[in-house]
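Participant: What follows is a single structure, and I will ask about it in a moment.
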Amino acid sequence: MQAVVLVGGEGTRLRPLTYAVPKPMAPLLGRPFIGWIIERLRAAGVVEVILSCCYLPEAIESYFGDGRNFGVDLHYVFEEEPLGTAGAVKNAVHKVSGTTYVCNGDILTGVDLVALREAHARTHAIATIHTRAVEDPSQFGVVETDTNGRVLRFVEKPQPGETSAIDINAGTYVLEPEALDAIPPERKVSIERETFPKLISETERVFAVSTNDYWIDVGRPSTYIQAHRDILDSAFERPLGEEIAKGIWSADGTPIPRGVDVIGPVYLGAGVRIEAGTTIGPYAVLYEGCRVSAGAHVSSSIIWPECFIGHGASVRDAILGLEVVVEPGAAVEPGSVLGRDERVHARTP
Ligand code: GTP
């Protein structure tokens, strides 16, 4: 079976990180974010994955290439202008034959993809949507179904009282070719707002499968941090690399230098250099090439490659983009999300 993964969005909610790196390439504990999706597809028996690209596609293509190092055949389709979540699938239709998975490229989920495709076959659906119950569906697309799982209605970001359903569209679908035929070509089309409502009213063959598997949309800074926490806590998968001590992960197995106080869980990328007299963790993630100077403290933070944290500096509850410099003695404001090459100065007394 094939899969189309949507990776073309600009990722505006993750700015400024996504000015330099497209969201699907955001690092996540040993592989770029979509590496986790591709791996789950591969494990479910998908042999060919089509990446539907638009924003900063070169970064994705140069990393994944033809997919041979990742166990799948990878193909790319490109849009000049964003075509939306259905238009992007339509743009890939010439590469697709038969029943196909379609995945949002920013969802990390433990859903059983094989079970989803089996349910799809059982109900003779034209489209099967993975859904999940959430406490507050007001920020999501809610999927109303009958007791057989047949989808009756889609309600985007419902107002209080608009629906009693709490199952939301979880961003993984199984689609028949007829569903792809229903998408108009060469224009922007939303799968949630246009294609599914049309299929629901015209065919009554749209079904939902609700599960309570692990699920997170990593599109916001808080959820990107949460995804790191969940993997560090083994709530989804485990980080790639070696667990060199309980809860301490190293991409390349390098031991912790002497004199560093490491409080797990912690993840250290390849070539990270940490001086003695530092405190790292808990929930500190330092990607490759980062340097941390003596007396510095890093906790509850994601530090992208090649950052420098100066003597006595502190970083808590923050995300630092590529090559950020935290000057000696500086404290990064908790909650900060810093873009490439930003510099945090020490306050002058
Ligand atoms: P925000 O700007 O922060 O909302 O993020 P986003 O641009 O990724 O949009 P959204 O989260 O709604 O997108 C859901 C998924 O669809 C993501 O995996 C996007 O990469 C993808 N996507 C959204 N719009 C397009 C598009 O026009 N073309 C393609 N190829 N993918 C898209």
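The values are calculated or read from the model by the stated rules, or taken from the named source; none is laboratory data. Remember, it's a predicted structure, so these values are computed and weren't measured experimentally. Cβ atoms come from the backbone with ideal geometry, glycine included; neighbour counts cover every protein chain shown. Ligands, DNA and RNA are excluded from the accessible area calculation, which covers all protein heavy atoms including side chains. Shrake-Rupley method; radii C 1.70, N 1.55, O 1.52, S 1.80 Å.
Participant: Over the chain, what is the percentage of antiparallel beta bridges among all DSSP beta bridges, to the nearest 5?
Facilitator: 35 percent
Participant: Probe radius 1.4 Å, ligands and nucleic acids left out: which of Val114, Val326 has the largest accessible area, and how do the rest follow?
Facilitator: Val114, Val326
Participant: Also, quick follow-up: How would you classify the chain from its alpha-carbon gyration tensor, with a ≥ b ≥ c the square roots of the eigenvalues: rounded for a/c under 1.5, else prolate if a/b is greater than b/c, otherwise oblate?
Facilitator: It is prolate, given that a/c is not under 1.5 and a/b is the larger ratio.
Participant: How much of the accessible area of the chain, probe 1.4 Å, is carbon plus sulfur, in whole percent?
Facilitator: Taking all protein chains in place, the chain shows 48 percent carbon and sulfur surface.
Participant: Counting alpha carbon pairs within less than 8 Å and at least 6 residues apart, what relative contact order, in whole percent, applies to the chain?
Facilitator: For the chain, the relative contact order is 13 percent.
Participant: A follow-up question, please. Using a basic spin-label model with each label point 7 Å from the Cα along Cα→Cβ, how many nm lie between Glu80 and Ser210?
Facilitator: 4.4 nm
Participant: So which GluC sites (Glu not before Pro) in segment 187-237 pass both tests, a DSSP loop state and at most 15 other Cβ atoms within 10 Å of the Cβ?
Facilitator: Passing both the DSSP loop test and the Cβ count: Glu204.
Participant: State the answer as a single residue: which of Asn91, Thr279, Ala251 lies farthest towards the positive end of the charge dipole of the chain, with beta carbon charges of +1 for Lys and Arg and -1 for Asp and Glu, about the Cα centre.
Facilitator: Looking along the dipole axis, the top candidate is Thr279.
Participant: At 222 nm, what helix-only mean residue ellipticity would the chain give, in deg cm²/dmol to the nearest 500, using -39500 (n - 2.57) for each DSSP H run of four or more?
Facilitator: Only helices count here, giving -5000 deg cm²/dmol.
Participant: Using 0.36 nm per residue, how much length does the chain from Glu156 to Arg68 gain when fully extended, once their Cα-Cα distance is taken away?
Facilitator: 27.8 nm
Participant: Write down the percent of antiparallel bridges among all DSSP beta bridges whose residues are both part of segment 241-344, to the nearest 5.
Facilitator: Antiparallel: roughly 10 percent of the beta bridges in segment 241-344.
Participant: Can you tell me how segment 76-148 classifies by the Cα gyration tensor, rounded, prolate or oblate, using a/c under 1.5 as the rounded cut?
Facilitator: Oblate, since a/c reaches 1.5 and b/c is not below a/b.
Participant: Nearest 10 degrees, 0 to 90: what angle lies between the long axis of helix 33-43 and the longest principal axis of the chain (Cα atoms)?
Facilitator: It is inclined by approximately 50 degrees.
Participant: For the chain, give the magnitude of the charge dipole about the Cα centre (Cβ charges: +1 Lys/Arg, -1 Asp/Glu; no others), in debye to the nearest 20.
Facilitator: 420 debye
Participant: Subtract the Cα-Cα distance of Ser190 and Ala43 from 0.36 nm times their separation in residues, and report this length gain in nm to one decimal.
Facilitator: Fully extending the segment from Ser190 to Ala43 adds 50.1 nm.
Participant: List, in order, the whole-Hz ³J(HN,Hα) value for each residue of segment 160-166 obtained from phi through the Karplus relation with A = 6.51, B = -1.76, C = 1.60 and θ = phi - 60°; use x for Gly and Pro.
Facilitator: x, x, 6, 8, 9, 6, 10
Participant: Also, quick follow-up: Treat each spin label as a single point 7 Å out from the Cα along the C-beta direction, and report the Thr203 to Leu240 distance in nm.
Facilitator: Taking the two extended label points, one gets 3.5 nm.
Participant: Separation between the Val134 and Glu327 pseudo-spin-labels, each 7 Å from Cα along Cα→Cβ, expressed in nm?
Facilitator: 4.0 nm
Participant: Would you work out if segment 1-98 is rounded, prolate or oblate? Take a ≥ b ≥ c from the square roots of the eigenvalues of the alpha-carbon gyration tensor; rounded if a/c is under 1.5, else prolate when a/b is larger than b/c, oblate otherwise.
Facilitator: Because a/c hits 1.5 or more and a/b fails to exceed b/c, segment 1-98 counts as oblate.
Participant: Loop-only trypsin sites (Lys or Arg not before Pro) in segment 196-270, please: DSSP not H, G, I, E or B, and at most 12 other Cβ atoms within 10 Å.
Facilitator: Sparse-neighbourhood loop trypsin sites (Lys or Arg not before Pro): Lys246, Arg258.
Participant: Which GluC sites (Glu not before Pro) does segment 63-128 hold that lie in a coil by DSSP with at most 10 other beta carbons within 10 Å?
Facilitator: In loop regions of segment 63-128 (DSSP not H, G, I, E or B), the sparsely surrounded GluC sites (Glu not before Pro) are Glu80.
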